[in-house]
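**Q** Please read through the structure below; I'll follow up with questions.
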Amino acid sequence: MSVAAISTSSINAIKGTEFEGMSIQMMAAMVMLEVGATKKKEAEMKISDMKAQNDKAKQLNNLLDRMNAELGKYTKDETKDKEGRATVLSNFSAEAKALGVDVSNWSGNKSSEQVRAITSGIQHMAENCNSDNQTQMVKLQDFMGQYNSFVSGASDQIKNANQILQGLAKN
């Protein structure tokens, strides 16, 4: 029984593709770079999402600070203070609604407790944005780790291909 040498040209060439004539190492490197580029795009989208989330938290906190500055004038539950709080809520309701705050219970005269519940709800929304950003950061780190792994793997494949070529050139 004899064993014939196998030509690697048929293994290395995927005819009609961009991989035609490439070594297996170079094909693997190209695939790894493509997957790495996808992970990089996913990371960039995650960064964009996080920026939007962070901007929303800032806007909610800014709204809350301005509302609290105005509401601070009304400390009692007398009629004039309830009317004052109602005016403040009315002045900020459109902005709050644009930020996704449920303003359906903002109309009418409100006690200081009712207003405190409204402002606590806004504060809670801002904290949720920040909390969600922390979760998104973990996902971003995962995408970046995957990106780095694929780029490193591609680099290793290219280095291996070069070593094989140098070995063949010496022979």
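The values are calculated or read from the model by the stated rules, or taken from the named source; none is laboratory data. Note that this is a predicted model, so its numbers are computed, not measured. Don't worry about glycine lacking a Cβ; one is built from the backbone with ideal geometry, like all the others, and counts go over all protein chains shown. SASA here: full protein model, heavy atoms, side chains in, ligands and nucleic acids out. Shrake-Rupley method; radii C 1.70, N 1.55, O 1.52, S 1.80 Å.
**Q** Show D49, D81, D132 ordered by accessible area, largest first, where the area counts protein heavy atoms only and the probe is 1.4 Å.
**A** Of D49, D81, D132, the descending order of accessible area is D49, D132, D81.
**Q** Helix 112-170: angle to the longest alpha-carbon principal axis of the chain, degrees 0 to 90, nearest 10?
**A** 10 degrees
**Q** Turning to a different aspect of this structure: At a 1.4 Å probe, what is the % contribution of carbon and sulfur to the accessible area of the range 21-171? Mind dumping the intermediate values first?
**A** Working: 4870 of 9430 Å².
Summing carbon and sulfur atoms, their accessible area is 52 percent of the total for the range 21-171.
**Q** Then there is this: Please compute the contact order of the chain in relative form: average sequence separation of alpha-carbon pairs under 8 Å and at least six residues apart, divided by the residue count, as a percent.
**A** It comes to 36 percent, rounded to a whole number.
**Q** Another question, if that's okay. At R0 = 45 Å, how high is the FRET efficiency between A94 and I47 if r is their beta carbon distance? Nearest 0.05 is fine. Let's see the in-between values first.
**A** Values: r = 30 Å, r/R0 = 0.67.
Step by step, r from the Cβ atoms, then E = 0.90.
**Q** If you build a Gaussian network model of the chain, linking Cα atoms that sit under 10 Å apart, which residue out of A69, A126, A29 swings the most?
**A** Of A69, A126, A29, the most mobile in the Gaussian network model is A69.
**Q** Per DSSP helix of 4 or more residues, -39500 (n - 2.57); summed, then divided by the residues of the chain. What does that give at 222 nm, rounded to the nearest 500? Spell out each step's value before the answer.
**A** Details: 4 runs with 131 residues, N = 171.
My calculation for the chain gives -28000 deg cm²/dmol from helical runs alone.
**Q** Now, a different point. Rounded to the nearest 10 Å², what accessible area does K82 show when all protein chains are kept and the probe is 1.4 Å?
**A** 70 Å²
**Q** Considering only DSSP states other than H, G, I, E and B, which trypsin sites (Lys or Arg not before Pro) in the range 111-160 qualify as loop sites with at most 16 other Cβ atoms within 10 Å?
**A** Filter output for the range 111-160: empty list.
**Q** Leaving ligands, DNA and RNA out of it, work out the accessible area of E44 with a 1.4 Å probe and give it in Å² to the nearest 10.
**A** Probe radius 1.4 Å; accessible area of E44 about 100 Å².
**Q** Do any of K39/K159; K46/K97; K56/K139; K39/K170 go past 30 Å between their Cα atoms, and which? All intermediate terms of the calculation are to be shown ahead of the outcome.
**A** Numbers: K39/K159 22 Å; K46/K97 25 Å; K56/K139 20 Å; K39/K170 38 Å.
Result: K39/K170 exceed 30 Å.
**Q** Okay, moving on. T119 accessible area, nearest 10 Å², 1.4 Å probe?
**A** T119 has an accessible surface of roughly 20 Å² with all protein chains in place.
**Q** Quick check: pseudo-label points 7 Å beyond the Cα along Cα→Cβ at N130 and E78, how many nm apart are they?
**A** Taking the two extended label points, one gets 3.6 nm.
**Q** Here's something else I'd like to know. Q114 to D55: extension gain in nm, 0.36 nm per residue of separation minus the Cα-Cα distance?
**A** 18.5 nm
**Q** Send over a whole-number figure in Å² for the accessible area per residue of the chain, probe 1.4 Å.
**A** 66 Å²
**Q** Using a simple charge model, +1 on the beta-carbon of Lys and Arg, -1 on the beta-carbon of Asp and Glu, nothing else, what dipole does the range 92-147 show about its Cα centre, in debye to the nearest 20?
**A** I would put it at about 120 debye.
**Q** With N set to the residue count of the chain, report its C-alpha Rg divided by 2.2 N^0.38 Å to two decimal places.
**A** 1.98
**Q** If you don't mind, there's one more thing I want to ask. Please give, to one decimal in nm, the separation of the simple spin-label points placed at D65 and S104, each 7 Å out from Cα toward the Cβ.
**A** 3.1 nm
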